[in-house]
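Below: the structure, in structure tokens.
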Amino acid sequence: MKYLVNLLLLLMLGVGTAQSVELSDAEIKKRIIESDPAKIVKMIQKGGYVIYFRHAHTDHSQSDNKRQDLASCVNQRNLDALGKREAKVIGAAFRLLEIPVGEVRSSPWCRAKDTATLAFGRADISYDLSFSISKSRDETETLAKALKKMLAEKPEKGTNTLLFSHTSNLKDAANVWPKPEAAMAVFRPHGKDGFEFIGVIKPTYWLAILAEAQ
């Protein structure tokens, strides 16, 4: 564990700032690079946010086959050892920082629901969070509309809603591309008035938090 901590701490940390979702790709990237993750953590410790996780690190030697059959993980790209560790680290960091967690929803794809359950021990499967790249144009637009609604929904008071899904879904719905795998994007929901993009925290930040605590 100590070796993994030291190795991953060498990677760059980065987050974004509070802005509306009506931003260009260049503006979003600039704000993701420039902001302070500790400020975002202080915000979500109070609850009231929708937090979107891209699934953790996967084995890219695997491919997604039989995309209509999600009951079995055998024909999907799944979490590798690093991804499983990332998920556990995220969960441990949330508990250490006392970040309140309410609803936990996940894509039916194994890499997303495994990330959620390894991190938080539970996940309600939502087909509205299914991998949009595997869908037709009409289906992709439907998924984007559903995700926009989720990002605007206010969580139960004093909690945050957690969503586990994929890169393309968030790009379609909010013009935010969460990178790398296991990146976390935070949104302030405004109900019928939509939502506000707050920022993105990379997975290495949580590892740094645990390392500091040790």
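FYI, it's all coordinate maths here, none of it is from the lab. All of these numbers come straight from a predicted model, not from anything done at the bench. Quick reminder, even Gly has a Cβ in these numbers, built from the backbone with ideal geometry, and neighbours come from all protein chains shown.
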> On average over all directions, what projected area in square nanometres does segment 141-214 have, based on the convex hull of its Cα atoms?
Replying inline: 5.7 nm²
>> Take Lys148 and Lys46, extend 7 Å from each Cα along the Cα→Cβ direction, and tell me the distance between the two endpoints in nm.
In response: 2.8 nm
> For segment 31-136, what ratio Rg/Rh do Cα atoms give with a Kirkwood hydrodynamic radius?
Replying inline: 1.00
> What length, rounded to one decimal in nm, is gained on full extension from Asn75 through to Lys157, with 0.36 nm per residue of separation minus their alpha-carbon distance?
Replying inline: 25.6 nm
>> Suppose the chain between Lys192 and Ser61 were pulled fully straight at 0.36 nm per residue; how much longer would it get relative to their current alpha carbon spacing?
In response: 42.9 nm
> Tell me, Leu129, Leu70 in order of fewest to most beta-carbon neighbours within 10 Å?
Replying inline: Leu70, Leu129
> Ranked from highest to lowest mean number of other Cβ atoms within 10 Å per residue, what is the order of the peptides 107-113, 157-163, 168-174?
Replying inline: 107-113, 168-174, 157-163
